[in-house]
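The values are calculated or read from the model by the stated rules, or taken from the named source; none is laboratory data. Since the structure is predicted, the reported quantities are computational estimates derived from the model, not experimental observations. Note that we place each Cβ from the backbone using ideal geometry, even for glycine, and neighbour counts take in every protein chain shown.
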């Protein structure tokens with residue numbers, strides 16, 4: 001069975017204005033099956049957001065993809081030649097849900113205008129009423145007020161904006177949604193609402209897979225089926241969520257988990273050691289795949 | 001509704017500013033040590049041989065006529081009353097011509113020159129700036145440098161150069177004035193055809209400098225907006241380039257409109273000097289002559305008119321901005 | 001400052017400015033002619049080295065001498081006026097931004113009123129009222145009317161600096177207000193103020209020449225604007241006596257252009273967001289997703305001086321940031 005996603009040998013490099021090269025993603029390959037939520041976890045600077053932006057086809061200078069290939073449902077694209085990737089892949093095959101939806105919608109337009117433009121970009125003949133009806137249905141299905149369509153971005157609260165943007169990102173029923181830290185800017189109840197919405201959408205097959213990029217491990221526990229832990233541009237360990245959380249093998253994964261403050265009964269008994277208890281050199285151990 | 005409240009507060013604000021300007025307009029020229037009437041009387045009785053008594057009579061007459069024998073606060077009230085009735089006084093230098101008549105002759109020329117120039121300059125400048133931002137490459141480089149240069153030239157310097165190169169040396173355009181000697185202004189095609197040749201150089205002097213400034217500003221704003229989150233997000237959803245450009249333009253326009261109000265004040269000032277350079281019979285030349293003759297009523301009146309014009313321009317720009325920016329137009333109904 | 005890389009723009013501006021300064025400072029020593037002395041007839045053509053290098057003007061005075069002294073005058077007036085305006089704007093802005101409350105409301109209202117009243121109007125009215133306009137009175141008049149835009153920008157920046165922790169620390173440790181302002185607030189504003197000062201100076205120079213061309217220039221000195229005034233009033237343009245008006249025009253343009261360029265390059269220097277990088281272009285990079293060399297709203301320099309200043313350096317996130 002073909003994987004939903006097959007990303008191979010991705011290498012992404014940042015070119016600074018002074019000419020230096022900073023490797024963001026160092027020869028990473030990941031696969032996903034249908035219906036999966038893959039959590040990309042790691043500390044700041046690990047490359048998870050960079051990888052997310054590359055897979056969602058939104059990498060832009062100073063980030064340059066040196067080589068890599070992306071296969072969705074078996075259809076392959078060469079990531080080193082961004083300009084040649086068909087425009088319609090973005091939004092309809094892979095779609096991004098950006099970090100901090102605060103400024104994702106132009107402040108001078110209503111939500112419904114963006115909805116119409118996005119749909120029209122993929123189906124030139126669609127009529128405005130039709131497009132808005134579809135959006136309205138989507139909002140209703142997922143329990144959001146339809147008046148959000150008529151609002152300007154500044155009229156929506158943070159949590160509502162994030163959920164509305166999630167809807168916009170999945171309007172075209174993309175195969176894969178890449179969510180970059182979607183819950184980081186939200187309060188706890190909004191986080192829960194968003195995660196529930198994502199899972200509901202997955203169940204309704206609005207999209208077939210989600211890559212959930214976050215530094216927040218406890219969140220991944222509740223939403224991810226598989227987790228890939230990243231450190232300094234490489235994937236150091238990947239596997240089913242339970243394996244990673246309960247039985248991590250790679251030193252870095254262990255260090256990461258030991259610094260998590262979670263009032264779960266199981267961990268309450270364990271003393272939190274944090275990263276300092278580990279030798280950073282041990283983090284360079286080879287990748288562990290479960 | 002939010003919008004109505006916005007406008008009302010703006011109107012109130014501008015009325016307040018106008019009042020302050022009125023006070024300044026009244027008080028500042030009266031800080032002169034000495035009496036303007038002295039100069040006036042000296043002028044009138046020059047070469048006369050009028051006796052001391054006669055001069056004194058003339059002097060007192062004028063004092064009464066210009067109300068200069070009243071206490072200051074009374075003068076101010078008279079002044080305000082006159083202004084509100086549209087009476088701007090009598091000229092000192094061209095006595096007994098009324099200031100209104102002098103201004104009525106000059107104002108139409110100034111408006112005919114400056115209004116189209118400012119509009120054309122603003123529109124073309126912004127379009128050029130936006131195109132340069134989106135095209136990039138050599139086109140952008142070239143436009144940016146020339147626009148930067150144009151915007152940095154004092155407008156009258158450009159006018160002088162144009163006058164010299166195109167009119168005096170090149171002979172393509174007439175050297176000064178608004179219409180050919182011997183003709184008198186009228187609404188006829190023939191006159192229009194003649195006046196237009198005098199119109200071009202001053203017009204282009206104003207327009208080119210304005211284009212330079214607007215192009216640089218618009219280009220900057222467009223480039224700035226190009227990297228904004230909503231543009232990346234939109235492109236990430238497969239939006240076409242044209243659509244993204246539309247979003248950028250709409251957002252980049254906002255600060256440009258804000259800047260327009262301030263630019264207008266600057267452009268008007270520059271345009272006045274340009275009128276001087278070309279001996280164009282507008283307010284600029286009138287002001288120049290009035291200053292040279294210490295004709296305070298005329299100077300005051302022109303300053304007042306210019307202030308009103310700039311305030312009105314500011315007000316309309318604020319109005320426009322309130323309509324265009326949804327953050328002001330749409331009430332904060334919120335959905336918390 | 002870590003990687004201070006001066007751009008070509010900066011060097012071009014600096015060189016042009018240096019030339020102008022050289023002319024202004026050394027010029028009068030080299031050109032040993034009194035600008036008010038009659039050295040020839042009416043509009044004599046340029047002839048050889050010496051006082052007639054650029055011919056004579058409408059009073060038979062040496063153009064080169066007037067040019068050199070005029071540049072000096074224009075620069076002095078500009079510097080004086082710019083300094084006064086910067087100091088006032090800085091003071092008003094810092095006090096308003098730091099104190100907040102009633103003081104802020106009062107100062108801000110004052111600033112806003114004077115922001116809308118056109119500077120040129122007030123300056124003309126004041127200049128007309130003055131009997132004897134010396135360089136210093138003119139500079140004073142221009143300085144006390146050109147500060148509002150700077151005050152507004154400084155106030156905005158001060159308000160944001162005010163919220164930082166080190167200010168609280170300073171206040172808790174008992175430092176008095178002037179010392180807090182000087183040592184804890186000012187350093188953050190310095191880079192912007194330097195840029196703004198450059199802009200103020202160029203605005204003042206242009207404003208002075210505008211006044212001079214209207215006939216309101218300094219009464220006992222020659223400036224570039226006054227040279228143009230005489231050139232226009234005596235029809236040198238019409239008669240083709242280019243040596244009377246081209247040199248001051250060129251000089252004014254160079255001054256204005258180089259100051260604007262300097263301000264723009266300083267902006268690039270101090271505001272890292274604006275730095276243009278040499279990003280190596282790899283084959284296949286999608287140009288539509290390019291990171292821009294962003295420049296914020298640009299300053300507007302007009303015949304009436306500065307009407308809009310450069311965008312203040314923001315390191316606080318935009319509205320709705322993370």
Extreme residue, farthest from the other protein chains (Cβ to nearest Cβ), among residues of the stretch A:73-126 that are touching a strand residue (DSSP E or B) at 6+ places or on another chain (Cβ under 7 Å), farther than 18 Å from residue A:177 by Cα and outside any helix (DSSP H, G or I):
A:78
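Yes or no, residue by residue, for (1) more than 14 Å from chain B (Cβ to nearest Cβ); (2) outside any helix (DSSP H, G or I); (3) free of Cβ contacts under 8 Å to residues at least 24 places away in the same chain:
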{"position": "C:179", "(1), (2), (3)": "yes, no, yes"}
{"position": "C:184", "(1), (2), (3)": "yes, no, yes"}
{"position": "C:190", "(1), (2), (3)": "yes, no, yes"}
{"position": "C:195", "(1), (2), (3)": "yes, no, no"}
{"position": "C:203", "(1), (2), (3)": "no, no, no"}
{"position": "C:213", "(1), (2), (3)": "no, no, yes"}
Evaluation of residue C:265 against (1) modelled with pLDDT of 80 or more; (2) crowded, with 19+ Cβ neighbours inside 10 Å; (3) closer than 30 Å to residue C:127 by Cα; (4) more than 7 Å from every other protein chain (Cβ to nearest Cβ) (one fails), failing number
(3)
Within the bounds of the stretch B:323-336, is there any residue that is touching a strand residue (DSSP E or B) at 6+ places or on another chain (Cβ under 7 Å) and either at pLDDT 85 or above or more than 10 Å from chain C (Cβ to nearest Cβ) (or both)?
no
Residues in the stretch B:239-246: is at least one within 7 Å of chain C (Cβ to nearest Cβ) and within 29 Å of residue C:148 (Cα to Cα)?
no
Check every one of the helices (runs of 4 or more DSSP H) wholly within the stretch A:179-249 and list those with 1 or more residues that are surrounded by 20 or more Cβ atoms within 10 Å (Cβ to Cβ) and within 17 Å of the chain's Cα centre (by Cα).
A:188-203, A:217-223
Select from the stretch B:129-164 the residues that are within 30 Å of residue C:212 (Cα to Cα), without any contact (Cβ under 8 Å) to a residue 60 or more places away in the chain and within 10 Å of another protein chain (Cβ to nearest Cβ) and write down the one among them that is surrounded by the most Cβ atoms within 10 Å (Cβ to Cβ).
B:157
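Residues checked against (1) at pLDDT below 85; (2) more than 10 Å from chain C (Cβ to nearest Cβ); (3) surrounded by fewer than 22 Cβ atoms within 10 Å (Cβ to Cβ); (4) under 30 Å from residue B:4 (Cβ atoms):
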{"position": "B:276", "(1), (2), (3), (4)": "no, no, no, no"}
{"position": "B:281", "(1), (2), (3), (4)": "no, yes, yes, no"}
{"position": "B:284", "(1), (2), (3), (4)": "no, no, no, no"}
{"position": "B:296", "(1), (2), (3), (4)": "yes, no, no, no"}
{"position": "B:301", "(1), (2), (3), (4)": "no, yes, no, no"}
{"position": "B:309", "(1), (2), (3), (4)": "no, no, yes, yes"}
Could you tell me whether residue B:266 is touching a residue at least 12 places away in the same chain (Cβ under 8 Å), closer than 24 Å to residue B:112 by Cα, part of a helix (DSSP H, G or I) and within 9 Å of chain C (Cβ to nearest Cβ)?
no
With in a strand (DSSP E or B) and within 12 Å of chain C (Cβ to nearest Cβ) as the only criterion, which of A:23, A:65 stands out?
A:65
Check on residue B:227, facing chain C (nearest Cβ under 8 Å) and surrounded by fewer than 22 Cβ atoms within 10 Å (Cβ to Cβ):
yes
Filter pass, residue A:153 being within 11 Å of another protein chain (Cβ to nearest Cβ), more than 19 Å from residue A:52 (Cβ to Cβ) and touching a residue at least 12 places away in the same chain (Cβ under 8 Å)
yes
When you scan the stretch A:40-56, do you find a residue that is within 9 Å of another protein chain (Cβ to nearest Cβ) and either assigned to a loop (DSSP other than H, G, I, E, B) or at pLDDT below 90 (or both), even just one?
yes
Only one of C:84, C:76, C:120, C:88 is in contact (Cβ under 8 Å) with a residue 40 or more places away in the chain, within 14 Å of chain B (Cβ to nearest Cβ), crowded, with 16+ Cβ neighbours inside 10 Å and in a helix (DSSP H, G or I); which?
C:120
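Residue by residue, here is whether (1) assigned to a loop (DSSP other than H, G, I, E, B); (2) modelled with pLDDT of 90 or more; (3) surrounded by 24 or more Cβ atoms within 10 Å (Cβ to Cβ) holds:
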| residue | (1), (2), (3) |
| --- | --- |
| C:221 | yes, no, no |
| C:231 | no, no, yes |
| C:238 | no, no, no |
| C:243 | no, no, no |
| C:246 | no, no, no |
| C:252 | no, yes, yes |
| C:255 | no, yes, yes |
Can you name every residue in the stretch C:37-54 that is exposed (fewer than 13 other Cβ atoms within 10 Å of the Cβ) and closer than 17 Å to residue C:222 by Cα?
C:37, C:38
If I filter the stretch B:196-209 for residues that are facing another protein chain (nearest Cβ under 8 Å) and on the phi < 0 side of the Ramachandran plot, do I get at least one hit?
no
If we scan the stretch C:123-133, do we find a residue that is free of Cβ contacts under 8 Å to residues at least 40 places away in the same chain, more than 19 Å from the chain's Cα centre (by Cα) and either away from chain B (no Cβ under 11 Å) or over 20 Å from residue B:20 (Cα atoms) (or both)?
yes
